[in-house]
Amino acid sequence: MTLSRLSVLAASAIAALACTAPAPAQFGEAAGLGQVMTPYYLRRDLPIFANGLRLDDGQAAIVESLFWDYEDAHEASKNRMLTRFNDLQAEIQNIQNDRDRVLEVVFEPIQEQADDWDRLNEQFLQSVQAILSSDQLERWDSFLRQIRREKELPSSK
């Protein structure tokens, strides 16, 4: 997770936790966490994998299956994070006058979550890489640059 995404997540979480206790379903919306908590790889990226790596039909089906597992794991991880934030509300109320402690309490689960998402991203890429032929593996570094450009350049505008 990039530092800017982590900072947005922290600011959103702090703002949400400082408010009166919203309903759990509204927590993410109220905090603006939706965009920040979106998986790095999305369904729309599957054609980039297929074309960029020149996957055959069987490999494309495997990558799609790997993606669904990745997406499910990310969703479960996101739900755990939201539950943790809801559980932190009482603690935040008790220490709200100690800004440093509030930041510490909020950043701990955020950092753990960022680490978990980085691990999920890496596992997904390793799984994709494991099914590639030697010719496709030669294109791996070029593909990683391509997908990084596709995913990050539009957001830097």
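The values are calculated or read from the model by the stated rules, or taken from the named source; none is laboratory data. All values reported here derive from a predicted model rather than from experimental measurement. Virtual Cβ from ideal backbone geometry, glycine too; neighbours counted across all protein chains shown. These area figures cover heavy atoms from the full protein model, side chains too; ligands, DNA and RNA do not enter into them. Shrake-Rupley method; radii C 1.70, N 1.55, O 1.52, S 1.80 Å.
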Stretched fully, the stretch from Lys151 through Thr83 gains (0.36 nm per residue minus C-alpha distance, one decimal, in nm) 21.6 nm
Between Asp118 and Ile95, the two model label points (7 Å from Cα along the beta-carbon direction) sit apart by a distance in nm of 2.3
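Would you list Arg43, Arg139 from the most to the least accessible area, probe 1.4 Å?
Working: Arg43 140, Arg139 60 Å².
Accessible-area ranking of Arg43, Arg139, largest first: Arg43, Arg139.
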Accessible-area order for Ser134, Ser77, largest to smallest, probe 1.4 angstrom, reads Ser134, Ser77
Summing +1 per Lys or Arg and -1 per Asp or Glu among the other residues with Cβ less than 11 Å from Arg43's Cβ gives -2
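How long are the three semi-axes of the equivalent ellipsoid for region 51-157, computed from the Cα gyration tensor as the root of 5 times each eigenvalue, in whole Å, largest first?
Working: eigenvalues 291, 50, 22 Å².
Output for region 51-157: semi-axes of 38, 16, 10 Å.
How would region 94-157 be classified by its alpha-carbon gyration tensor: rounded, prolate or oblate, with rounded meaning a/c under 1.5 and the a/b versus b/c comparison settling the rest? Please report the intermediate quantities before stating the final value.
Details: a/c = 6.41, a/b = 2.37, b/c = 2.70.
Verdict is oblate for region 94-157.
In debye to the nearest 20, how big a dipole does region 40-145 give about its Cα centre with +1 on each Lys and Arg Cβ and -1 on each Asp and Glu Cβ? Provide the component values of the computation, followed by the final result.
Details: 11 positive and 22 negative charges, 57 e Å.
That gives a dipole near 280 debye.
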